[in-house]
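Encoded as structure tokens, the structure appears first; notes follow it.
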Amino acid sequence: MKLTVNGRFRTQRTTGVQRYAREITSRLSSLVDVLTPGEWNAGIRGHLWEQSVLPRLSRGGLLWSPCNTGPLSVRRQVVTIHDCAFADHPEAFSRMFASWYAWLIPRLARRARRIITVSRFSAQRLAELCDIDIDRIDVIYNGVSSHMCPAPVEAIAQLRQRSNLPGRYVLSVGSIEPRKNLQRLLTAWQRLAPADVGLVLAGGESAVFRGAGIDRLPPGVQLAGYVADEDLPTLYSGAEAFVYPSLYEGFGLTVLEAMACGAPVICSRTTSLPEVTGAEAAMLIDPLDVDDIASALGRLLADGQLQGKLRAQGLQRATQFSWDKAAAATAKVLKQAASQN
């Protein structure tokens, strides 16, 4: 049986979900055929292609949809659903987007042969939300790209000069939207008010997300916008700390990337993030507690020995996650699903 891939991701800007699809499909190139929408690549036209054209193109084989959505009419399908944020935090998305996902995802999950997701947390939520047996869900952790590694001192200095970054900075990377909890982070930063350290917020806005509610930036905070993929490892590497007080994550790829680049990590102890960091590789905080966020930042910035410990433990932890391992596990699921009657 032929194996085809829903290739809408190839027409989209690379964020976590698209990176997942690109990394896995690049390793399965001899096994699968990626189908792309061509000129049907934007907004509602992309959804129309997925629901009406893709079923015809994938007929006679097994379809893998790696980015949350897929055609409802195709039962010979494996779908990767990364999280249930559309249901658990609908306020973070446009009303149309949240409503569409809330209607589509449970139906798609019940019709697909298998579901892949990226954490045990997401598997449990999908089983509950979609009313399906958790045994139909395969948990396959994300990997970390090989270029996500500590950058040379010279490269860090060049990026700092080119991007006008502070000499010392704390970094946060993620979409500018409410789920990332930036308002509490900014309040904690203002309360801490470090004189010689800046806070850099990197990440773009998306039409599917609602505004993050940021009215003004406190002193010492810099919006870096969307950072090109080739610059991300250097940006991570130069950070004195990486802070990620997200309210909800299906996996938390930026936390893994930060660890792989040697940035000491502070992140939420909720949802999937402790699965990524383990117990020792990050300072885990309550994302709803501004004092806890500020205290962790203050302690880490003042303690070089703690920074070194977290840097070493984060680097070691990151070696446990591999796109090669994820691709091999995905291939096994696809082959098993293709062999079913």
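The values are calculated or read from the model by the stated rules, or taken from the named source; none is laboratory data. This is a predicted model, so every value here is computed, not measured. Cβ sites come from the backbone with ideal geometry, for glycine too, and all protein chains shown count toward neighbours. Keep in mind that these areas ignore ligands, DNA and RNA; they rest on the heavy atoms of the full protein, side chains included. Shrake-Rupley method; radii C 1.70, N 1.55, O 1.52, S 1.80 Å.
Sequence neighbours fewer than 8 away in the same chain don't count; with that in mind, list the lysines whose C-alpha is under 27 Å from residue 332.
Residue 332 reaches 2.
Residue farthest toward the positive end of the dipole of the chain, with Cβ of Lys/Arg at +1 and Asp/Glu at -1: which of 221, 170, 63?
63
Among 157, 146, 112, whose Cα projects farthest towards the positive end of the dipole of the chain, with charges put on the beta-carbon of Lys, Arg (+1) and Asp, Glu (-1)?
Comparing the listed Cα positions along the dipole, 112 ranks first.
Return a whole-number percent for the relative contact order of the chain, with Cα pairs under 8 Å and 6 or more residues apart as the contact set.
Values: 651 pairs, mean separation 58.7, N = 341.
RCO, the chain: 17 percent.
So, with +1 on the Cβ of K and R and -1 on the Cβ of D and E, and no other charges, what is the size of the charge dipole of the chain about its Cα centre, to the nearest 20 debye?
Details: 38 positive and 31 negative charges, 266 e Å.
Dipole of the chain, to the nearest 20 debye: 1280 debye.
Pull up the cross-link candidates among the aspartates and glutamates for residue 335, meaning alpha carbon to alpha carbon under 18 Å and not fewer than 8 places away within one chain.
Residue 335 reaches 33, 135, 138, 324.
Placing +1 on the Cβ of each Lys and Arg and -1 on the Cβ of each Asp and Glu in the chain, which of 187, 35, 246 has its Cα farthest towards the positive end of the resulting dipole?
Working it through, the farthest residue towards the positive pole turns out to be 35.
For segment 58-113, with all protein chains present and a 1.4 Å probe, just round the carbon and sulfur fraction of the accessible area to a whole percent.
Details: 1140 of 2120 Å².
Exposed carbon and sulfur together represent 54 percent of the surface.
Could you work out how far the C-alpha centroid of segment 278-311 sits from that of segment 54-98, in angstrom?
Using only Cα atoms to place each centre, the spacing works out to 36 Å.
Taking segment 1-64 on its own, what percent of its Cα-Cα pair distances exceed 17 Å? Walk me through the numbers before you get to the answer.
Details: 799 of 2016 pairs.
Result for the distance tail: 40 percent.
Sticking to Cα atoms, compute the Rg of the chain to one decimal and its Dmax as the biggest Cα-Cα distance, whole number, in Å.
For the chain, the Cα radius of gyration and maximum Cα-Cα distance read 20.3, 65 Å.
Once you have a ≥ b ≥ c as the square roots of the Cα gyration tensor eigenvalues for segment 68-120, tell me rounded if a/c is under 1.5, and otherwise prolate or oblate according to whether a/b is larger than b/c. Before the final figure, lay out the partial values.
Numbers: a/c = 2.95, a/b = 1.50, b/c = 1.97.
Oblate, because a/c is 1.5 or more while a/b does not exceed b/c.
Roughly how many nanometres apart are two label points built 7 Å out from the Cα toward the Cβ at residue 51 and residue 229?
Going from the residue 51 label point to the residue 229 one covers 2.9 nm.
Please list the equivalent ellipsoid semi-axes of segment 1-156, computed as the square roots of five times the alpha-carbon gyration tensor eigenvalues, in descending order and whole angstrom. List each step's numbers first, then the result.
Numbers: eigenvalues 119, 84, 60 Å².
Calculated on Cα positions only, the semi-axes equal 24, 20, 17 Å.
If you count only protein heavy atoms with a 1.4 Å probe, what accessible area per residue comes out for the chain, rounded to a whole Å²? Mind showing how you got there, number by number?
On the way: 14610 Å² over 341 residues.
Normalised by residue count, the accessible surface of the chain is 43 Å².
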